[in-house]
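Visitor: This is the structure I want to talk about, given as structure tokens.
We did not get these values from a lab; they are worked out from the coordinates using the rules stated. Please read all numbers here as calculations on a predicted model, not as lab measurements. So basically every Cβ, Gly included, is an ideal-geometry build from the backbone, and we count neighbours across all protein chains shown.
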Amino acid sequence: MTEPKTNIALIGMPGCGKSTVGVLLAKATGKDFVDTDLLIQRRAGSTLQSIVDTRGYDALREEEERVLLSLTLTDHVIATGGSVVYSEAGMAHLRGSSRVVFLDVSLDTVRARIGDYSLRGISKRPEQSLEDLFLERHSLYHHYADVTIACDGLPQDEVCRRVIEALT
């Protein structure tokens, strides 16, 4: 018999609300909260943007995969980095213990929320535009998601309510 999936893992573009909604979900469900971006920063001893600037976007993805594969959590809400879906091994590990929720927002919403993305530690090829990155990742998010929540125009507490409703 397989172990029950007691975690909720949030995936989506930077600025979609994973961290904010994650904290709200943890409070509402009585689960603990972890943000993999913070775990990466702690492990690397530097910010995500510093990793990208000094070691390149592939290094950030490698750190992200190592952090994901090291997770042995139960009853947690996990806010993941936007590039988590590039790691098949990491996503397989995450899906083994988590229901995966894609917080889906439009490109316009991403642009409005993140502003100058050069300050966000976004894992992308140097020549890649935000639009190209969005299109590339969108199909991966759908591929891995157990549930997709359309979030445009919704306050974070309503997104949280919809996630809970979709998972019960």
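Visitor: Applying the Karplus parametrisation 6.51 cos²θ - 1.76 cosθ + 1.60 with θ = phi - 60° to the phi angles of segment 141-154, what ³J(HN,Hα) value in whole Hz is obtained for each residue in order, glycine and proline being reported as x?
Guide: After applying 6.51 cos²θ - 1.76 cosθ + 1.60, I find 4, 4, 4, 8, 6, 7, 9, 10, 10, 6, 10, 4, x, 9 Hz.
Visitor: Say each of Gln156 and Val23 gets a label point 7 Å from the Cα, pointing the same way as Cα to Cβ; how far apart are those two points in nm?
Guide: Result: 0.5 nm between the two label points.
Visitor: Contour minus end-to-end for Gln49 and Leu107, with contour as 0.36 nm per residue of separation and end-to-end as the Cα-Cα distance? Kindly include the intermediate steps, with their values, before the conclusion.
Guide: Numbers: separation 58, 0.36 × 58 = 20.88 nm, distance 2.10 nm.
Stretched out fully, the Gln49 to Leu107 stretch lengthens by 18.8 nm.
Visitor: Name the long-range amide H neighbours of Ile11: under 5 Å, sequence gap of 5 or more, or other chain; modelled H, no Pro or chain starts.
Guide: Here the answer is Val101, Phe102, Leu103, since their amide H atoms fall under 5 Å of that of Ile11.
Visitor: To the nearest 20 debye, what is the magnitude of the charge dipole of segment 7-167 about its Cα centre, counting +1 on the Cβ of each Lys and Arg and -1 on the Cβ of each Asp and Glu?
Guide: On the way: 18 positive and 23 negative charges, 69 e Å.
In debye, rounded to 20, segment 7-167 gives about 340.
Visitor: Further, regarding this structure: Report the Cα-based extents of segment 7-167 along its three principal axes, largest first, to the nearest Å.
Guide: If we take the Cα atoms of segment 7-167, the spans are 41, 35, 25 Å.
Visitor: Within segment 47-75, what residues put their amide N at less than 17 Å from the label point 7 Å along the Cα-to-Cβ vector of Asp132?
Guide: 57-58
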